[in-house]
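Encoded as structure tokens, the structure appears first; notes follow it.
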Amino acid sequence: MKNNLFEKCLRTALLVGLVALPTWAAETLFSNYAMNVTGSGKNGELWVFSRSGTYSGVTLLNLNAGTSGIQVNGTKQGQVSDSMTAMQDGIYSGVLAEHRRISSGYAGKVGYVLPMYGLDDDGNHLLPAGFFSIRGTEEVLETPLAIPEALEDLDTAMHYAVSGFAFDSTNSRLWLARGVAGLGLYDVSGKGSAKQSMFQLNLKTGSLDTAKVNYKWDSKNNPRILDVKLHPETGELWMATSKGLWKRSAEGKLSQVSTALDTSARVTGLWMGGNPLTILAETSYMQKESMKGALWVLRENAKDFAKVDFLDTAGKLQKKDVYDDGDYTVSGVAFIGKVAYVAVTSGGSVSGFFKLDSTGVRAWETDDDGKNNWLYGFETGATDRDAIITSICSFPLDNKTEGLALATYGNGVSVSADSGKTWTTILNRAKLGGDLGTIRMVPSVITSGDGDQSLVSYKVSKDAKITIDVFSYDMRKIRTIVKDAPRSADKSRSTNPKEDFWDGKDKAGRPCTMGVYYVRVKDNHGHIGWGKVMTLGGHK
């Protein structure tokens, strides 16, 4: 993700003007590198957290469903401090399932909540520092959390990172899963400042104990709390831990939820929603030298959790463990009616979402080689570029329509008003000049040979045939992207995102060396436009 070479090249690119800082336009995000998307509970509102180079920020989108898709009515942005971010730098390289996603939530007057990371001694955002409380684009609050003294000598500080939120709206309290630091409580029920408390699950006494800053952590009796949720029907506090799944009743009684997810199960994630209520759990643990993962479901009237079934296109149950075989971990879950949309990633190289209903996850396609495809993504139109899906949520578009939104790493957010049948992509759309008057490369810094792509953004005022060529710094043509490709006139842009991109490679398919490259766009009406992009030459 981030090392000295990448940072050096990125700073150079900023200095020479290759990386554009956010442009505040009528339809925009803070950055197209969106890491998290969450609804605010209000009709048509979406919060999006993104990064742009070394900067992080949030966008509040106001949307509505029109006849031609999702329309953006308004947008506001806010930047977080340079030293803090909600995206830890090991999100793709780390193997722990609970750290492969950015947990979030909307917590009433506490606002949009996200984990917060500061810079460690090596200059990487891998130091848990508390959480963000975003109550408006001009009120981005950094909320530090106390670090127990007993945890200061851990081999990695990530063991006490915030990895889950649960908001108790009745009592105005925010619960936080904090790994080895147990359970945090942020109480805003009073008139004064918020009160903070810490708790640890004690298996020896079967209780949730108040923990002090200098408390002693016992790995045998005090399991790590990796996620937390409030049951929407009973109000019980459910805790996903390194030793099974536990719940605390309103009266304070602690009990184990599941025999299928017993104390040998490392439960890394927990999600609840849908109608009827569906509860999903993820387990992930080290077996020999590899991580073994599973996806579990508890449905209405079921006695216990069961592994999620994967079916082929004919409805035949698969014998192999598809979830573990794909090395999947959950990025987020959205519920609409009887369907759970489960976004997953495989170490940042593969991503998409499953559609889980009462029968299980059914493949949407069997390819020519007989391989079943369960993941929805670029191939099904959920994204208009092959970008990693980082987050998913459902939200009310209006009083009748439940929307579905995806955040992607490099291609903004995709939003659907029809449960994923059609999608509208929302990008950082700074104004472009017509007839190739502006050529914008998004992003303007890529890594050739590692799946990165730079979209060639342009617009024409009348239908045209477009040719896109890439030149080296000394103006040698190294690649023709498209030749005489038909493109339609458009008020916003005429780019075809499935074709008009450069992946940092030459015409022979070899990654180009690090440097600045020029992109020429011509139409058949005599118009020519130029853009430029930097490739880091295959190194991250």
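The values are calculated or read from the model by the stated rules, or taken from the named source; none is laboratory data. Model, not experiment: these values are computed from the prediction. As a convention, Cβ positions derive from the backbone with ideal geometry for all residues, glycine included, and neighbour counts pool all protein chains shown.
Worth pointing out:
- Residues that are surrounded by 19 or more Cβ atoms within 10 Å (Cβ to Cβ), over 12 Å from Leu183 (Cβ atoms) and of a type in the set (S, T, N, Q) within the stretch 214-257 comprise just one, Ser242.
- When Gly403, Gly433, Gly412 are checked against the criterion of being of a type in the set (Gly, Ala, Ser) and at pLDDT below 90, a single residue qualifies: Gly433.
- Condition met for Met1 (among the hydrophobic types (A, V, I, L, M, F, W, C) and at pLDDT 90 or above): no
- Residue satisfying all of: in the stretch 311-353; part of a loop (DSSP other than H, G, I, E, B) and in contact with a Phe, Trp or Tyr (Cβ under 7 Å, 6 or more places away or on another chain); farthest from Ile388 (Cα to Cα) among these: Gln318
- Positions within the stretch 277-302 being farther than 21 Å from Gly326 by Cα and either in a strand (DSSP E or B) or touching a Ser or Thr at 6+ places or on another chain (Cβ under 9 Å) (or both), in sequence order: Thr278, Ile279, Leu298, Arg299, Glu300
- For Thr467, the requirement of being part of a strand (DSSP E or B), of a type outside the set (Asp, Glu) and touching a strand residue (DSSP E or B) at 6+ places or on another chain (Cβ under 7 Å) is met.
- Subset of the stretch 147-192 [over 17 Å from Val113 (Cα atoms), out of contact with any Ser or Thr (no Cβ under 9 Å at 6 or more places or on another chain) and surrounded by fewer than 16 Cβ atoms within 10 Å (Cβ to Cβ)]: Glu149, Glu152, Asp153, Leu154, Asp155, Thr156, Thr170, Lys191, Gly192
- Here the stretch 364-386 is the region considered, the condition is being crowded, with 20+ Cβ neighbours inside 10 Å and touching a Phe, Trp or Tyr at 6+ places or on another chain (Cβ under 6 Å), and the residue that is nearest to Ala302 (Cα to Cα) is Trp374.
- The stretch 476-501, subset at pLDDT 95 or above and hydrophobic (A, V, I, L, M, F, W, C), residue farthest from Ser457 (Cα to Cα): Ile478
- Of all the criteria given as (1) modelled with pLDDT under 90; (2) assigned to a helix (DSSP H, G or I), the one not satisfied by Gln71 is (2).
- All strands (runs of 3 or more DSSP E) inside the stretch 123-238 with 3 or more residues being under 19 Å from Val267 (Cα atoms) and either modelled with pLDDT of 90 or more or not polar (S, T, N, Q) (or both): 164-168, 173-177, 195-202, 225-230
- Tabulated pairs, the stretch 463-483, first in contact (Cβ under 8 Å) with a residue 60 or more places away in the chain and closer than 19 Å to Gly437 by Cα, second part of a strand (DSSP E or B) and among the acidic types (Asp, Glu), C-beta under 6 angstrom, 6+ apart or interchain: Ala464/Asp523
- Those residues of the stretch 74-83 which are surrounded by 19 or more Cβ atoms within 10 Å (Cβ to Cβ) and either free of Cβ contacts under 8 Å to residues at least 12 places away in the same chain or in a loop (DSSP other than H, G, I, E, B) (or both), in sequence order: Val80
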